[in-house]
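Contents: one structure, followed by commentary.
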Amino acid sequence: MGSSLQLFPEQASTVAPQVDALYFFLIGVAIFFSVLIAGLVVVFAVKYRRRSEQEPAPAPATGGTALEIAWSVIPLGITMVIFGWGASVFFKINRPPDDATEIYVVAKQWMWKLQHMEGQREINELHIPVGRPVRLKMTSEDVIHSFYVPAFRTKHDVLPGRYTQTWFQPTKPGKYHLFCAEYCGTKHSGMIGWIYVMDPPDYQAWLSGGTAEGSLASRGDKLFQDLACVNCHKKDGSGRGPALEDLFGKTIEIEGGQKVAVDEQYLRESILSPQAKIAKGFQPIMPTFQGLVTEDQLLQLIEYIKASAKKNEKPTPTPARKEAR
Ligand code: CUA
């Protein structure tokens, strides 16, 4: 890779070198066997060619146990290496660390909306600190999009109607491309943005220079009052709906006897399709909020419910101020 001709985007996340190493290994294996096989075809074609009309055709070869074992075992070994290596990188990419900073992503035709827990909202830009894992919880307002940051080797589909997640840990400050990697309409190619990876002090300065709208959870709290959710979901559990504090992360029983885990997906469904899974002991009387709340507001409500559960167990971890690199 010369500096003038750059075949690969720069490596700016912890997984980037691992993804590239696996990729180069795959290419190496493919090139090795392509050259070997094509080369032998040519060499043998020349070496064993029929030299004259009179030369008899040789007896066909049969058997060759050692050869057959070799060409079975060697490819098996190589594919197992690829499988094991690939699986380990796959798990790394799909399992965010517990201490990751959470950021919400809402995609729509044709922009990226990003929300920090602290309240900052960005469009087609994301500011994050270097050296800290970031987990993205993503959804779409319309069609399928895909969150793609080549420098992080991160690409994950963003789907309407559900939450998907991905994560990365940037390793060097800089400005990196964000693309949409799923064809999503006429302006798909314009659905682009920038990731700004900042030194922690710069990031803190950026955060504190943000809006005064309040955190995601506090906006959710306000919405919880404004939409009158609070009238039925009373904190003491005396309302017509279940109390929602302390609920997140628990497993509850629903009508019909099944158990469901209270996660983002369940909360989302309960707001938009309240009849789908009724908490045991309650009447199916909640109206749907489909069309009344936006994806952004859904996230705020969910974050409020999450935060109220978190408040009682452990304080939200304050951003670690690691030394820059
Ligand atoms: Cu969004 Cu392509």
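Can you find, within the stretch 178-192, the residue that is nearest to the ligand (Cβ to nearest atom) among those that are farther than 25 Å from residue 95 by Cβ and surrounded by fewer than 19 Cβ atoms within 10 Å (Cβ to Cβ)?
From the stretch 178-192, those farther than 25 Å from residue 95 by Cβ are 183-192; that's our starting set.
From the residues that got through so far, the ones that are surrounded by fewer than 19 Cβ atoms within 10 Å (Cβ to Cβ) too are 183, 185-190, 192.
Numbers: 183: 6, 185: 7, 186: 10, 187: 8, 188: 4, 189: 8, 190: 9, 192: 9 Å.
Once the filter is applied, the top-ranked residue is 188.
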message = Test of understanding: among 249, 257, which residue is over 27 Å from residue 104 (Cα atoms), assigned by TED's automatic domain parsing to the domain that holds residue 307 and of a type in the set (Gly, Ala, Ser)?
response = 257
message = Given the condition surrounded by 10 or more Cβ atoms within 10 Å (Cβ to Cβ) and either closer than 30 Å to residue 303 by Cβ or more than 37 Å from the chain's Cα centre (by Cα) (or both), answer yes or no: does some residue in the stretch 79-92 qualify?
response = yes
Subset tally (residues that are within 16 Å of the ligand (Cβ to nearest atom) and in a strand (DSSP E or B)) for the stretch 158-171 = 4
inquiry  = Test of understanding: among 137, 175, 155, which residue is open to solvent by 20 Å² or more (accessible area, probe 1.4 Å), within 16 Å of the ligand (Cβ to nearest atom) and not in a loop (DSSP other than H, G, I, E, B)?
reply    = 155
request  = Working only within the stretch 100-124, note down all residues that are in a strand (DSSP E or B) and within 16 Å of the ligand (Cβ to nearest atom).
outcome  = 105, 106, 107, 108, 111, 112, 113, 114, 123
Qualifying residues in the stretch 205-241 (those that are in contact with a strand residue (DSSP E or B) (Cβ under 8 Å, 6 or more places away or on another chain) and in a helix (DSSP H, G or I)) - the one most open to solvent (accessible area, probe 1.4 Å) = 206
task = Evaluate the following for residue 20: is it at pLDDT below 95, closer than 30 Å to residue 164 by Cα, surrounded by 10 or more Cβ atoms within 10 Å (Cβ to Cβ) and out of contact with any helix residue (DSSP H, G or I) (no Cβ under 6 Å at 6 or more places or on another chain)?
result = yes
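The values are calculated or read from the model by the stated rules, or taken from the named source; none is laboratory data. Keep in mind that this is a model prediction, so the values were computed, not measured. Methodologically, a virtual Cβ is constructed for each residue, glycine included, from the backbone with ideal geometry; neighbour enumeration extends over all protein chains shown. Quick note on the areas: whole protein, heavy atoms, side chains included, nothing else; ligands and nucleic acids left out. Shrake-Rupley method; radii C 1.70, N 1.55, O 1.52, S 1.80 Å.
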